[in-house]
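Everything below concerns the one structure shown next.
The values are calculated or read from the model by the stated rules, or taken from the named source; none is laboratory data. Just so it is clear, the structure is predicted and the values come from calculations on it, not from any experiment. For neighbour counting, all protein chains shown are included, and Cβ atoms are generated from backbone atoms with ideal geometry for every residue, glycine included.
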Amino acid sequence: MRNIFLAIFISFGFFSFAQQITISSKLNASEITKEAKSGHFQWVFPAQTTAETIQNTAKYYTSSFTYTYDASTQKVDVYPVVDSDEVRRIMLRFLGANQVNKIVVGEESYELYSFYEKFMKIKGE
């Protein structure tokens, strides 16, 4: 009986871990900061990500942002309908809905919320 619980626990752990993905940015940190001023963000998803996957999660956020997806490069560009802190948090929710847990920028890897704090959060000038 104990072995069954152990097997279930390990299976659940592998299943949970396997769902998390890391995406990257083709832009460096200064380019992201510059683009972020207009609310534009760009990410490159892993090869197993499909247009259908992106569309199925993005369809819930059409009142907040638009997006383009390039299947040949796996690149997703998102643009706010109206730029605000709330819309940027919704973009973060979109990433979470796609099981993103890390974003790589250059040599740095950021947890989702750290990326938000560093690049997405609107800062007063």
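Output the number of the condition that Phe5 fails; it satisfies all remaining conditions of (1) modelled with pLDDT under 95; (2) more than 26 Å from Ser114 (Cβ to Cβ); (3) part of a loop (DSSP other than H, G, I, E, B).
(3)
In the range 49-66, what count of residues is obtained for those that are under 21 Å from Thr22 (Cβ atoms), surrounded by 13 or more Cβ atoms within 10 Å (Cβ to Cβ) and of a type in the set (S, T, N, Q)?
Adding up the residues that qualify gives 4.
Within the range 54-61, is there a residue that is among the hydrophobic types (A, V, I, L, M, F, W, C) and assigned to a strand (DSSP E or B)?
Residues of the range 54-61 among the hydrophobic types (A, V, I, L, M, F, W, C): 54, 58.
Next, from what is left, pick out any that are assigned to a strand (DSSP E or B): none.
No.
Within the range 91-117, restricting attention to residues that are surrounded by fewer than 18 Cβ atoms within 10 Å (Cβ to Cβ) and either out of contact with any helix residue (DSSP H, G or I) (no Cβ under 8 Å at 6 or more places or on another chain) or among the β-branched types (Val, Ile, Thr) (or both), which residue is nearest to Gln20 (Cα to Cα)?
Across the range 91-117, the extreme among qualifying residues is Glu111.
Kindly indicate whether any position in the range 67-83 is loosely packed, with under 14 Cβ neighbours inside 10 Å and in a strand (DSSP E or B).
Checked the range 67-83: at least one residue is loosely packed, with under 14 Cβ neighbours inside 10 Å and in a strand (DSSP E or B).
Looking at the range 46-61, I want the residues that are more than 11 Å from Gln99 (Cα to Cα) and have a partner that is part of a helix (DSSP H, G or I) and hydrophobic (A, V, I, L, M, F, W, C) with Cβ atoms under 7 Å, at least 6 apart or on another chain. Which pairs are those?
So the pair list comes out as Ala58/Phe94; Tyr61/Ile90; Tyr61/Phe94.
Quick one: Leu92 ticks every box in (1) among the hydrophobic types (A, V, I, L, M, F, W, C); (2) over 20 Å from Lys121 (Cα atoms); (3) at pLDDT 90 or above bar one, so which box is it?
(2)
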